[in-house]
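Only the coordinates and a few stated rules stand behind these numbers; no lab work does. The shown structure was predicted, so the numbers you read here are calculated from the model rather than taken from an experiment. So basically every Cβ, Gly included, is an ideal-geometry build from the backbone, and we count neighbours across all protein chains shown.
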Protein chains: 2
Amino acid sequence: MSLDAVLARLDADLPAATDRLLDLLRIPSISTDPAYTADCDRAADWLVRDLQSLGVEASKRDTAGHPMVVGHVEGDGPHLLFYGHYDVQPVDPLELWDRDPFDPELQDTDQGQVIRGRGSSDDKGQLMTFVEACRAWKAEHGVLPCRITFLFEGEEESGSPSLVPFLQENADELKTDIALICDTGLFESAVPAITTMLRGLVAEEITLTGPSRDLHSGMYGGVAMNPIRVLSTIIADLHDDQGRITLEGFYDGVPELSDAIRSQWQNLNFDHKTFLGDVGLSEPAGEKNHTPLEQIWSRPTCDVNGIWGGYTGDGFKTVLPSQAHAKISFRIVGDQDPDAIHRAFVKHVEDRLPPDFSVEFPLGKGSKASQMSIENPSFEKALKALSDEWPRPASYIGCGGSIPIAGYFKDLLGMDSMLIGFGRDDDQIHSPNEKYNLESFHKGMRSWARILHALTT
Amino acid sequence: MSLDAVLARLDADLPAATDRLLDLLRIPSISTDPAYTADCDRAADWLVRDLQSLGVEASKRDTAGHPMVVGHVEGDGPHLLFYGHYDVQPVDPLELWDRDPFDPELQDTDQGQVIRGRGSSDDKGQLMTFVEACRAWKAEHGVLPCRITFLFEGEEESGSPSLVPFLQENADELKTDIALICDTGLFESAVPAITTMLRGLVAEEITLTGPSRDLHSGMYGGVAMNPIRVLSTIIADLHDDQGRITLEGFYDGVPELSDAIRSQWQNLNFDHKTFLGDVGLSEPAGEKNHTPLEQIWSRPTCDVNGIWGGYTGDGFKTVLPSQAHAKISFRIVGDQDPDAIHRAFVKHVEDRLPPDFSVEFPLGKGSKASQMSIENPSFEKALKALSDEWPRPASYIGCGGSIPIAGYFKDLLGMDSMLIGFGRDDDQIHSPNEKYNLESFHKGMRSWARILHALTT
């Protein structure tokens, strides 16, 4: 079947495809906040209808949380599964957005046109690159190129609590020859890439309670221990002066890079000065004996994602608060055990609690890191297809983020995954003013058309 | 003139006096929050009208911030100045209040009746004890007992920015023989007291900025320094493992207690187990070589009054924030220099800033500690009057809080102050569910009648 006709149709249909994406972006499907439950449902309905318009037998499937969207279309050749997620991150601090995050628009910028709005890059825009490739294929050829199963999740940004049970209960239905996942990025905004190494995540929200009520610091200061001071010590002690994480046994299971991978990464000529300079930084801050690229792709890290306690409004209030709170997460790699790391973190905190203090660990969840096995010939075919579309040849890369889905596909369904995406480092995902370059969207759908062609001919 | 008649009238008029206080408490005069500017103005108007009803020539006086209320009444004998403040602390966390903080009421509790509401103890209820004593005196005798100047401030809870200029510009008008200040407490809720030792305050709000925007911790974690981690280290390093504050030169000017004062305080038999037990604590947390009472009254301290940064809403967001914030204050004693301490704090922070980080110090203000000279015979007269009213004899005490007004009266007007108040340790000032015992209100106004009588006969 002709690839050129499909590519030409994608070019011609770009304005309409953009309008469809803007329509989906207008739905504020923030999965972590119960206030947006109905919106998540609405986004799922939107996708069911869109898949049905392609002749896909699609439906919304209930879970304990937000629904899954599952669709099937029959065909010859390999059986592919495509995964994306329709939920998005919260939008605060709202005042830092230049416009309503859910009133998206196409904007002219000095890097060309971009689609601005929450979810444009993570992950609705990326998800739609595959759907649009299928739409053009269907329009040209009357059928999709092969047997395809679609799986769209609505809880990726809130820890995917329903994903594992859903995969277990529907394993026969969802197992295919290979999974395609579109939730990653280009390398340095230019080189197309297949991500083969992903970090895992251990996340916890701790609440320290000291005094039984908020106190006046003039009356109790000094004699009553301040929970913010205790929390600060707990956080300050998480790293040593070499940038290493101090939890007991934390580095158990962290692999050393092979010489082959290390030299391949050196060849990428990663420009950490530009990477950091784009966000106002000049000095890499991680482990001193690892390069910045190694730090991001292959080393475990710890970050405080939020902290709060006491009086945080305008003006001054000399309160000594009863409680202090922090959201803390660890990115893990290789064979690091999320449960062991959570236990070591609990011990780290409890060892630093003064008398009379208590602490809560409500989450306690984690996911392992993933490493793809690239022996499957589909990887080389996809790499070549990507190289044909973009000005520079494609590469296998690592990724600092955590996309546990690939690990679940492997462990629960015995299925390899190819992580291919078109996001750029400056897309500001999880931040105000998220955007997706129109080029990413356009070349992204063209890339999928090429990959579908490569995998089915 | 007869004291007994005044006391009897105060007893008879207590329900009406309570209604008047509830009326004043309904005005949400939160000085630190610009949203309540009109309410602060309304509280000042209320007091002007109330003083005028006592025959006082009273008026609202403009400042750069909230207005002062000043009143004068002529008379024989000593010229007294009475000071109180009509502004109140913010009320958050609002959800911890059992009722609307500005819908006050009289409640029955196991410690008798209390007046519940923001400002009931700090300082509207205390301020009104003096006004009610004057009202009863005027009703019985047709005139007030002596020449009195009233000064009510509206910015005490927000650092009193207009106070010093106002005192300087109106020094001739406001200088009297002695000042009476009602903004302190009983000793251990039972012993009436004149506070002769007050700590000063240095307060600052720091904002650390690292990356120029919020980042995704999966993409930048490790390689980009997290401002919350830097802030935590800054806070953790403020104390050593003996509970001492580590700022360079911090203890310069901190006096050692005289043996006389030390033994007087030992005689008070301060029960720190009850003091701490009331707020869910058992172990004092301050400097290890000082008793809890010394820590509260005579030692400098440092507290974090608020901290915030990153994502603090429901659920989890793996953000690496651009900024982190903290409100930090120091209580200082003796001859400690607030400016020097602020400079040492700035150095402490700047020494710990990583490359590329910046920090703001918007406040930079402080007040010295105060020590009253009790040679003035008014002190002994007031001590005896208090002892006559309450079941246990009155005592000179220290106070952990900061009431810079006494220092300003001394430095700017050359005037001694007597700090006499009727608050209790469990009044929850600056906290949810603030209250003032009806006994404090009732015996407070009776105490002022006795003190006025003692000072003028």
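A few remarks follow.
- Charge dipole of the range B:196-286 (Cα centre as origin; +1 on each Lys and Arg Cβ, -1 on each Asp and Glu Cβ, all else neutral): 220 debye, rounded to the nearest 20.
- Exposure proxy ranking, count of Cβ atoms within 10 Å, fewest first, for B:GLU294, A:GLU105: A:GLU105, B:GLU294
- Short-range pairs are left out: with C-alpha atoms under 8 Å and at least six residues apart, the relative contact order of chain B is 26 percent.
- Shielding by partners, peptide B:225-231 (average Cβ within 10 angstrom, other chains): 6
- Separation of the alpha carbons by more than 30 angstrom is noted, of A:LYS365/B:LYS347; A:LYS288/B:LYS317; A:LYS435/B:LYS347; B:LYS138/B:LYS435; A:LYS175/A:LYS384, for A:LYS365/B:LYS347; A:LYS435/B:LYS347.
- Calculated P(r) of the range B:316-457 - Cα pairs past 27 Å, %: 46 percent
- Amide H contacts of B:MET418: B:ALA179, B:LEU180, B:ILE181, each under 5 Å away and 5 or more positions distant or on a separate chain (H built 1.01 Å from N in the peptide plane; Pro and chain starts excluded).
- Cα gyration tensor shape for the range B:243-363, rounded if a/c is under 1.5, else prolate or oblate: oblate
- Sorted by Cβ neighbour density within 10 Å, fewest at the top, the residues B:TYR251, A:TYR396: B:TYR251, A:TYR396
- Here the 3J(HN,Hα) profile of the range A:78-83, calculated from phi with Karplus coefficients 6.51, -1.76 and 1.60 at θ = phi - 60°, is x, 9, 9, 10, 10, 10 Hz, Gly and Pro shown as x.
- Local electrostatic count at B:ALA224 - Lys and Arg +1, Asp and Glu -1, tallied over other residues with Cβ under 10 Å: -3
- Over chain A, equivalent-ellipsoid semi-axes from the Cα gyration tensor in Å: 40, 25, 22
- Inverse mean reciprocal Cα-Cα distance (Kirkwood Rh) of the range B:141-299, Å: 21.3 Å
- For chain A, complete DSSP H runs whose alpha carbons reach 18 Å or more along their own long axis and whose mean Kyte-Doolittle score is -1.0 or higher are A:37-52, A:124-141, A:338-351, A:438-456.
- Cβ-vector label at 7 Å, A:ASP108, separations to other copies in nm: 7.6
- Proximal lysines to B:LYS60, defined as alpha-carbon separation beneath 18 angstrom and excluding residues fewer than eight positions away on the same chain: B:LYS124
- Excluding the site residues themselves, the longest part of chain B lacking any trypsin sites (Lys or Arg not before Pro) in a DSSP loop with at most 14 other Cβ atoms within 10 Å is B:100-287.
- Over the range A:1-129, relative contact order from alpha-carbon pairs under 8 Å, at least 6 apart, %: 24 percent
- Remark: label point of B:GLU256 defined 7 Å out from Cα along the Cα-Cβ vector; separations to the same position in other copies 5.9 nm, ascending.
- Point-to-point label distance, A:PHE361-A:ASP108, nm (Cα→Cβ direction, 7 Å offset): 5.6 nm
- Cα shape, the range B:102-169, gyration tensor, a/c 1.5 rule: oblate
- Other residues with beta-carbon under 11 Å from the beta-carbon of A:ASP240 carry, at +1 per Lys or Arg and -1 per Asp or Glu, a net charge of -1.
- Lys, Arg +1 and Asp, Glu -1 on Cβ, resulting dipole of the range B:182-336 about Cα centre, debye, nearest 20: 440 debye
- Anisotropy class of the protein assembly as shown from Cα gyration tensor, a/c 1.5 cut: prolate
- Shielding of peptide A:272-284 by partners, expressed as the average count of other chain Cβ atoms within 10 Å per residue Cβ, is 5.
- Relative contact order [Cα under 8 Å, 6+ residues apart], the range B:339-457, whole percent: 27 percent
- Test item: A:401-408 mean partner chain Cβ contacts at 10 Å: 1
- Counting neighbouring beta carbons within 10 Å and listing from fewest to most, the residues A:SER447, B:SER212 come out as B:SER212, A:SER447.
- Local charge for B:ASP183 was computed over the other residues whose Cβ lies under 9 Å away, with Lys and Arg +1 and Asp and Glu -1, and equals -3.
- Distances between copies of A:ASP23, taken at a point 7 Å out from Cα along the Cα→Cβ vector and listed shortest first: 6.4 nm.
- Dividing the Cα radius of gyration of the range A:402-457 by its Kirkwood radius returns 1.07 for Rg/Rh.
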